[in-house]
Amino acid sequence: KDNLNNSSHIEKINIKINPKSDIPLLSIINPVNNGRVTSTLKVVGTAIDDDAIERVVMFINEDKTEIKCNGTDFWHYDLDTKNMDEGNHKLSFKTYDINGIESKLNTVNFKLDKNSPTLVIQSRPEQVMISGKIKIEGTATDGNGINTVSYSVDDRKTFFKTQNFK
């Protein structure tokens, strides 16, 4: 109806509202999934919602403690990896809109690789002229595991894989 009491007639319209359409969306920019991280990790992402984003929270591995990220639409967190073990880790995120509606849980995995492998030789003939075969024993360790151990006999020009590596 308008101000002069004229009205229009419209047929009935069925409207279906998708309840999932109001769920906030979150994306993770850094780290990339299964990426390699060597030090403090700058976690970055975006979140959107038609109402407004209230907060973004992060979970580390299987810990259920919410860690609040900085920002809303564009969010970030500086993750100090100093006390974390090397190897595979998981970060999970949720965002909440200003009405308390939460997004689905978004997860990204990364491999923490802070240190180079360590090689300790237990039996080595120091400054001895060697002829023929010799047995050298030692241990190789790394938080992400050891793939190969190689040696050189020509001042690092060429390398050979060890044969009895465990």
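In segment 101-133, the residue that is modelled with the highest pLDDT out of those that are over 21 Å from F59 (Cβ atoms) and of a type in the set (S, T, Y) is T118. If you go through segment 55-87 and keep only what is part of a strand (DSSP E or B), in contact (Cβ under 8 Å) with a residue 24 or more places away in the chain and open to solvent by 80 Å² or more (accessible area, probe 1.4 Å), you end up with F74, D78. For K166, indicate whether it is under 34 Å from the mean Cα position of the chain (by Cα), open to solvent by 90 Å² or more (accessible area, probe 1.4 Å) and modelled with pLDDT under 75. So K166 fits the description; yes.
Each residue in segment 88-108 was checked for being exposed (fewer than 15 other Cβ atoms within 10 Å of the Cβ) and under 30 Å from D142 (Cβ atoms), and 3 pass.
The values are calculated or read from the model by the stated rules, or taken from the named source; none is laboratory data. Given the structure is predicted, the values throughout are model-derived calculations rather than measurements. Backbone-built Cβ (ideal geometry, glycine too); neighbour counts: all protein chains shown. What goes into the accessible areas is simple: the full protein's heavy atoms, side chains included, and nothing from ligands, DNA or RNA. Shrake-Rupley method; radii C 1.70, N 1.55, O 1.52, S 1.80 Å.
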